[in-house]
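Read the figures in this text as sums done on the coordinates, not as results from a lab. Keep in mind that what you see is a predicted model, and the values were worked out from it rather than measured. With ideal geometry, Cβ positions are generated from the backbone for all residues, glycine too; neighbour counts draw on all protein chains shown.
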Amino acid sequence: MKSSLPFVRNMLQNALREEKDFDALEKLLLTATQEHPDQGAYSELLLWLQVQRRDFTGALVQARALDRRGRTEGARVMELAAIAQQNKDYESAIDGYAYVAKEYRGGAYGNVARQRLLQAREAQVRETYPVDEAKVRALVTDYEQPAHRAWAARPTRRPCSATWPTCTLSSSTTGPRPCACCRKSSTCPAPATKWWTKPR
């Protein structure tokens, strides 16, 4: 069934027209994931459906389950969190990055998750009105943490991933900008910089 997922998703995309159709399919898939937890295809379809509905909180549950099942060290959650942030669901993005930073601290995505967590929190503060002063203070406190300063200043190679929408360097003044190497190499040669400073 997994090999036919693209075809199934395409058929569903054309067939689903009304909200009641989405509701009915989601109920069926929720039941299927509970009755057949070993069948990852149901979780894949439920994740896809919830992303279509912009239900990133629900999709995050499925992404976590798929990461555990596939032992992908947080890759699926990172992908989902990036999509949530692009859609300005900052709470879901923050939850996703925080989960990977905690659960896969020493994994391939641990450092990137911590960086993107700060980026998502900064974007949330910058684009939410009225400004939440408590979140601003918490963000400033995190900037001042020695671990975050040391990570930001360390010259290293950032991993890119084909599963992520894009590899970016960000700033508070210009927002995301694509990494030029992403289309050429599986490893991003851009050195880590203090992402909250204005890029050249």
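Worth pointing out:
- Straight-line reach from Lys27: taking Cα to Cα under 19 Å and skipping same-chain neighbours fewer than 8 places apart, the aspartates and glutamates in range are Glu18, Glu19, Glu35, Asp38, Glu44, Asp55.
- Farthest towards the positive end of the charge dipole of region 68-129, among the residues Ala120, Tyr90, Thr72, is the Cα of Thr72, using unit charges on the Cβ of Lys, Arg, Asp and Glu.
- Cβ crowding within 10 Å averaged over residues, with 124-133, 85-94, 27-36 ranked highest first: 85-94, 27-36, 124-133
- Reach of Lys20 by Cα under 12 Å, taken over aspartates and glutamates that are not fewer than 8 positions away in the same chain: none
- Charge tally for Ala24 (other residues, Cβ to Cβ under 14 Å; Lys, Arg +1; Asp, Glu -1): -1.
- Set of aspartates and glutamates near Lys135 by C-alpha distance (under 13 Å), chain-local residues within fewer than 8 positions excluded: Glu91, Glu122, Glu127
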